[in-house]
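Have a look at the structure below before the remarks.
The values are calculated or read from the model by the stated rules, or taken from the named source; none is laboratory data. Small disclaimer: the values here were computed from a predicted structure and weren't measured. Neighbour counts are summed over all protein chains in view; Cβ atoms, including those assigned to glycine, are modelled from backbone coordinates with ideal geometry. Calculation scope for accessible area: heavy atoms of the full protein, side chains included, ligands and nucleic acids excluded. Shrake-Rupley method; radii C 1.70, N 1.55, O 1.52, S 1.80 Å.
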Amino acid sequence: MIETQDLTRRYGDTVVVDGVSLRLPARSFVSIIGANGAGKSSLLSMVSRLLPASAGRAFVDGLDVAATPGDVLARRLGILRQENGIAARVTIRDLVAFGRYPHAKGRLTAADRAHVADALAFLDLEPLADRFLDEVSGGQRQRAHIAMVLAQDTDCILLDEPLNNLDMRHAAGMMGLLRRAVDERGRTIVAVLHDINFASCYSDRIVAMRDGKVVAVGPPEEIVTEAVLREVYGIEVEVVLVRGYRTVFFYR
Amino acid sequence: MRRPSARGAGYALLALLALSALAAASLLVGVGDLRDAEILAVSRVPRTLALILAGAGMAVAGVIMQLVAQNRFVEPSTAGTADSATLGMLLVTLLAPDAPVVVKMLAAAATALAGTALFLRVLRAMPLRERLTVPLVGIMLGGVVGAASTFIAYRTDMLQFLGTWQAGDVSTVLRGRYELLWLSAVLTFLAYAMADRITIAGLGRDASVNLGLDYRRVVALAIALVASITAVTIATAGTIPFVGLVVPNLVSLVAGDTLRRSLPLVAGAGAGLLLLCDVLGRLIRYPFEIPVGTVMGVVGGGLFLVLLLRRDAGRA
Ligand SMILES: Nc1ncnc2c1ncn2[C@@H]1O[C@H](COP(=O)(O)OP(=O)(O)OP(=O)(O)O)[C@@H](O)[C@H]1O
Ligand SMILES: [Mg+2]
């Protein structure tokens, strides 16, 4: 379970996350939507202890993220950042294996290796596993970083725009994978998504943000509506039902 | 495409062979009759060991620095580390001229650590950390510290001493005057014990935090290793440029930056390159010698240029 209490982040006088209080139940898939600059990444960064909060608190499985030792949290919470540069020249296999570091501390057991192999297989990375990160495409690199988070095998997973750079096949595959991780393995997943239709088709809940505040929380039926989307994005859209899923047409 | 680990093993074997050949050359080349066992024991063996230890140490220090600063163009002599260590040597020699060399080395390590920490602090404050501005900042910082050293040395008539620390030279290394370098080997093994943590630090702060590392602690330990290795080297052989720059870049190209795998290669290649340069320095003007630091400056500078062009060609 993930909970925030009055979580706030300021830069000087500008408030970019403004008193956000959320309770996201365990075993659910939650999408966060909102315009560029709405504060989604800042919110996620505070929950994942990458960014100190100006005020308020965040809890993962009841643990205060600001007060819990980093290695304890690392076994419960895995995170994917919006941008993942190519800092060091490591192979995809090594990167994914580092996902086991919180558990194995450098000595991989057979079980750890199995986690790594599974993560590589889930993300179609086996043929690329021994390539260096700077020798693959942007989408392949994105998949490698997600594989690392999956190999970390944590109860809670925070993903900032996991679909970045992914083609249609891999984007749909990724969402299916995450959905199964929730349904079959009881994970709690929070993902920032810009593709409202993916959010609509796969989420248990959608959190809509604007100007640092949460303007609406609820199941897709309540959030994927013309009125709410107008409020969140300030544009007119058309919501159509396709195979029972609320789908948004906004392309022209 | 073959697995990098297989490739790595192949290169490791080659490197080991080359290293042995170079070490043998270093034992054989020079003025003096080899049948004189005394020359071997007092001069050639210590000199060869010093080259191996210093080369391996500086290369390892370089790769650690590059991962921690997340920049391929830094090494102890482009990050303020070497100049700060030299300043420390100078100050402690002035204040306590009779102190044992270990004490002087420790003082140098302390100032080297301070200088490197200052460099990283400046980096973090820099809004635009472009690839080439990072080492420029380090070189500038080193320049300022170096100027201070020169000023102090000039005022205190220590310029000659300063020269021995600033220029890498192993021709005066004799039995009893290089053993401190074994400490560098110990530090290299410590670095190997931290290999995973340093590699993860190289993936960045966020990745480190995600994996539960105490990022600041890892960085602090890593630069303490770099500072100590640099100080030990400067105290015994003087400043040796480029090894820490060229070797990690070359090894990274073929074997990557996963230190658990690449660190032995880095150490071996560093030792080999320094041996090669010293043997060259002994041969070029035989029977006279050119200091290894000078040869390294030319060879390393050339290699570095090649690498720079290759890397840029290979990347967007
Ligand atoms: N270091 C910073 N200094 C000042 N303002 C910042 C800083 N980082 C982020 N901001 C501001 O905070 C606001 C929220 O940023 P955030 O990255 O959380 O947005 P986001 O919702 O993730 O947007 P996007 O969809 O573009 O990723 C933005 O207006 C941004 O300009
Ligand atoms: Mg964002």
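Which of the residues that make up the range B:160-178 are outside any loop (DSSP other than H, G, I, E, B) and surrounded by 15 or more Cβ atoms within 10 Å (Cβ to Cβ)? Steps first, answer last, please.
Filtering the range B:160-178 down to residues outside any loop (DSSP other than H, G, I, E, B) leaves B:160-166.
Residues satisfying the conditions are B:PHE161, B:LEU162, B:THR164, B:TRP165, B:GLN166.
Name every residue in the range A:22-45 that is more than 9 Å from ligand 1 (Cβ to nearest atom) and in contact (Cβ under 8 Å) with a residue 40 or more places away in the chain, in order of residue number. Walk me through it before giving the result.
Pass one, the range A:22-45, residues more than 9 Å from ligand 1 (Cβ to nearest atom): A:22-31, A:33.
Those that are more than 9 Å from ligand 1 (Cβ to nearest atom) and in contact (Cβ under 8 Å) with a residue 40 or more places away in the chain: A:LEU22, A:LEU24, A:PRO25, A:ALA26, A:ARG27, A:SER28, A:PHE29, A:VAL30, A:SER31, A:ILE33.
Residue by residue, here is whether (1) open to solvent by less than 20 Å² (accessible area, probe 1.4 Å); (2) at pLDDT 95 or above; (3) more than 21 Å from the chain's Cα centre (by Cα) holds:
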site	(1), (2), (3)
A:THR188	yes, yes, no
A:SER200	yes, yes, no
A:ARG210	no, yes, no
A:VAL214	no, yes, no
A:GLU238	no, no, yes
A:TYR245	no, no, yes
A:TYR251	no, no, yes
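Restrict the check to the range A:33-41 and report whether at least one residue is within 16 Å of ligand 2 (Cβ to nearest atom), open to solvent by 50 Å² or more (accessible area, probe 1.4 Å) and at positive phi. Can you show your working first?
As a first pass, look at the range A:33-41 and keep what is within 16 Å of ligand 2 (Cβ to nearest atom): A:33-41.
Right, trim to open to solvent by 50 Å² or more (accessible area, probe 1.4 Å) and you get A:36-37.
If we keep only those that are at positive phi as well, we get A:37.
Looking through the range A:33-41, at least one residue is within 16 Å of ligand 2 (Cβ to nearest atom), open to solvent by 50 Å² or more (accessible area, probe 1.4 Å) and at positive phi.
Facing chain B (nearest Cβ under 8 Å) and within 27 Å of A:ASP61 (Cα to Cα), is that true of A:GLY85? Give the steps one after another, and end with the answer.
Working: facing chain B (nearest Cβ under 8 Å): yes; within 27 Å of A:ASP61 (Cα to Cα): no.
No, not satisfied.
Take the residues in the range A:69-93 that are farther than 28 Å from A:GLY139 by Cβ and among the hydrophobic types (A, V, I, L, M, F, W, C), then tell me which one is most open to solvent (accessible area, probe 1.4 Å). Show your work before the answer.
Of the range A:69-93, the ones farther than 28 Å from A:GLY139 by Cβ are A:69-73, A:75-76.
Adding the requirement that they be among the hydrophobic types (A, V, I, L, M, F, W, C) leaves A:72-73.
Values: A:VAL72: 47, A:LEU73: 0 Å².
Filtering the range A:69-93 for residues that are farther than 28 Å from A:GLY139 by Cβ and among the hydrophobic types (A, V, I, L, M, F, W, C), the one most open to solvent (accessible area, probe 1.4 Å) comes out as A:VAL72.
Can you say whether A:VAL15 is within 13 Å of ligand 1 (Cβ to nearest atom), assigned to a strand (DSSP E or B) and open to solvent by less than 40 Å² (accessible area, probe 1.4 Å), as far as the supplied structure shows?
Here the answer is no, as A:VAL15 does not meet what is asked.
Given the structure, is B:LEU181 within 15 Å of B:ALA227 (Cα to Cα) and open to solvent by 60 Å² or more (accessible area, probe 1.4 Å)? If you could, list the steps in order and put the result at the bottom.
On the way: within 15 Å of B:ALA227 (Cα to Cα): yes; open to solvent by 60 Å² or more (accessible area, probe 1.4 Å): no.
Here the answer is no, as B:LEU181 does not meet what is asked.
Filter the range A:125-150 down to residues that are closer than 20 Å to A:LEU44 by Cα and not charged (D, E, K, R), then give me how many there are. Walk me through how you get there before you give the answer.
First, pick out the residues of the range A:125-150 that are closer than 20 Å to A:LEU44 by Cα: A:142-143, A:145-150.
When the remaining residues are screened for being not charged (D, E, K, R), the result is A:142, A:145-150.
The qualifying residues number 7.
Can you tell me how many residues in the range B:113-155 are more than 20 Å from the chain's Cα centre (by Cα), polar (S, T, N, Q) and modelled with pLDDT of 90 or more?
Result for the range B:113-155: 2.
Criterion first (open to solvent by less than 20 Å² (accessible area, probe 1.4 Å) and either at pLDDT 95 or above or not hydroxyl-bearing (Ser, Thr, Tyr) (or both)) does A:MET168 satisfy it?
In short, no.
Check whether at least one residue in the range A:46-59 is open to solvent by less than 30 Å² (accessible area, probe 1.4 Å), within 13 Å of ligand 2 (Cβ to nearest atom), modelled with pLDDT of 95 or more and more than 14 Å from chain B (Cβ to nearest Cβ), and report yes or no.
no
Which condition does A:GLU238 not pass, out of (1) out of contact with any Phe, Trp or Tyr (no Cβ under 9 Å at 6 or more places or on another chain); (2) farther than 23 Å from A:GLN5 by Cα; (3) not aromatic (Phe, Trp, Tyr), if it passes all the others?
Looking at each condition in turn, A:GLU238 falls short on (1).
Based on what the data block shows, is B:LEU275 assigned to a helix (DSSP H, G or I) and either farther than 21 Å from B:ALA25 by Cβ or in contact (Cβ under 8 Å) with a residue 24 or more places away in the chain (or both)? Don't jump to the end; show me each part of the working.
Details: assigned to a helix (DSSP H, G or I): yes; either farther than 21 Å from B:ALA25 by Cβ or in contact (Cβ under 8 Å) with a residue 24 or more places away in the chain (or both): yes.
Considered against the rule, which asks whether it is assigned to a helix (DSSP H, G or I) and either farther than 21 Å from B:ALA25 by Cβ or in contact (Cβ under 8 Å) with a residue 24 or more places away in the chain (or both), B:LEU275 comes out as yes.
Inside the range A:127-144, can you point out the residues that are open to solvent by 30 Å² or more (accessible area, probe 1.4 Å), at pLDDT below 95 and part of a helix (DSSP H, G or I)?
A:ASP134, A:GLU135, A:GLY138, A:GLN140, A:ARG141, listed by residue number.
Among the candidates A:GLY12, A:GLY85, which residue alone is at pLDDT below 95 and more than 16 Å from ligand 2 (Cβ to nearest atom)? Before the answer, list the steps.
On the way: A:GLY85 fails: more than 16 Å from ligand 2 (Cβ to nearest atom).
The unique qualifying residue is A:GLY12.
Tally up the residues in the range A:99-126 that are open to solvent by 10 Å² or more (accessible area, probe 1.4 Å), within 10 Å of chain B (Cβ to nearest Cβ) and part of a helix (DSSP H, G or I), please.
Total meeting the criteria: 3.
I'd like to know if the range B:214-237 contains one or more residues that are open to solvent by less than 20 Å² (accessible area, probe 1.4 Å) and assigned to a loop (DSSP other than H, G, I, E, B).
no
Which numbered condition trips up A:ALA66, out of (1) free of Cβ contacts under 8 Å to residues at least 40 places away in the same chain; (2) more than 16 Å from ligand 2 (Cβ to nearest atom); (3) open to solvent by less than 30 Å² (accessible area, probe 1.4 Å)?
Unmet for A:ALA66, out of (1) free of Cβ contacts under 8 Å to residues at least 40 places away in the same chain; (2) more than 16 Å from ligand 2 (Cβ to nearest atom); (3) open to solvent by less than 30 Å² (accessible area, probe 1.4 Å): (3).
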